[in-house]
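Participant: Shown below is the structure under consideration.
The values are calculated or read from the model by the stated rules, or taken from the named source; none is laboratory data. This structure is a prediction, so every number in the text was calculated from the model and none was measured. With ideal geometry, Cβ positions are generated from the backbone for all residues, glycine too; neighbour counts draw on all protein chains shown. Areas reflect the complete protein model, heavy atoms only, side chains present, ligands, DNA and RNA absent. Shrake-Rupley method; radii C 1.70, N 1.55, O 1.52, S 1.80 Å.
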Amino acid sequence: MKKSLLFIVISFISFHGVAQKTEVLFNVFLKEENIGQIKAIETNTGSTIIRDIQSATDARIFAFSIHVESDTKITKGNEIMTEGIAYRHANRGPEDVHATTKRVSNRKYECTRNDKKTFLENTEITFCVADLYFKEPKGMSKIYSNMWADMVAVKNLGNGIYQVTAPDNKKSLYTYKNSKLTTIELDTPAGKVISKRK
């Protein structure tokens, strides 16, 4: 009786999968001042992966206080993105963003950004900006940005450094060491913002 019960428990766990959670933290700096944090969370259950990138920063530029918070979350099944959401709220400066992406059929996605709807067709999204926090974009020339609800360009600069260019032509650098993301650099009107892995 004990053996059969043990077999049922093991089978149940194997069938349903045990969620594995990974959390990576980055400190965000502007002109060497710590202005916030990025939290990257991955939850892996069998063939389903959820990646959630949350950030909050507070900086003082001249007499102005700038607060920006954002969240990008994707769900992937068998390495294909099935759903994604993104939002960014800023008290000044960058525009607020509310974006959703949903796989509506094979090789077709419905993308909405600030109430503007588009469709991405004849492709499966397998690599997103949120994935950059957990794996190196080796061999990629384009990846999907949930924040932009569009593809963005990726360029391998060598030595584990990748340049990502957004549709507004702003560039960010992602640096990897031993296939782990260590720093992110972004030029802003206030200066270079650098996020460093804790």
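Participant: Those residues that are open to solvent by less than 50 Å² (accessible area, probe 1.4 Å) and charged (D, E, K, R), I need them from segment 100-116; list them, please.
Facilitator: Arg113
Participant: What's the total number of residues in segment 168-198 that are over 18 Å from the mean Cα position of the chain (by Cα) and assigned to a strand (DSSP E or B)?
Facilitator: Summing the residues that are over 18 Å from the mean Cα position of the chain (by Cα) and assigned to a strand (DSSP E or B) in segment 168-198 gives 5.
Participant: Hey, another quick one. What is the number of the single condition among (1) within 16 Å of the chain's Cα centre (by Cα); (2) open to solvent by less than 80 Å² (accessible area, probe 1.4 Å) that Lys142 does not meet?
Facilitator: (2)
Participant: Now for a separate question. Just for segment 37-54: of the residues that are among the small types (Gly, Ala, Ser) and open to solvent by 30 Å² or more (accessible area, probe 1.4 Å), which one is nearest to Met81 (Cα to Cα)?
Facilitator: Ser47
Participant: Could you check how many residues of segment 4-35 are at pLDDT 80 or above and on the phi > 0 side of the Ramachandran plot?
Facilitator: 2
Participant: Then there's this: In contact (Cβ under 8 Å) with a residue 12 or more places away in the chain, open to solvent by 70 Å² or more (accessible area, probe 1.4 Å) and of a type in the set (A, V, I, L, M): is that true of Leu173 in this structure?
Facilitator: Spelling it out, it is not the case that Leu173 is in contact (Cβ under 8 Å) with a residue 12 or more places away in the chain, open to solvent by 70 Å² or more (accessible area, probe 1.4 Å) and of a type in the set (A, V, I, L, M).
Participant: May I pose another question? How many residues does segment 117-137 hold that are within 17 Å of Thr48 (Cα to Cα), in a loop (DSSP other than H, G, I, E, B) and open to solvent by less than 30 Å² (accessible area, probe 1.4 Å)?
Facilitator: Residues in segment 117-137 being within 17 Å of Thr48 (Cα to Cα), in a loop (DSSP other than H, G, I, E, B) and open to solvent by less than 30 Å² (accessible area, probe 1.4 Å): 2 in total.
Participant: Whether any residue in segment 60-76 is at pLDDT 95 or above, open to solvent by 60 Å² or more (accessible area, probe 1.4 Å) and in a strand (DSSP E or B) is what I want to check.
Facilitator: Checked segment 60-76: at least one residue is at pLDDT 95 or above, open to solvent by 60 Å² or more (accessible area, probe 1.4 Å) and in a strand (DSSP E or B).
Participant: Search segment 146-167 for residues being outside any strand (DSSP E or B) and surrounded by 14 or more Cβ atoms within 10 Å (Cβ to Cβ), and hand back the single one that is farthest from the chain's Cα centre (by Cα).
Facilitator: Ranking the candidates gives Gly160 first.
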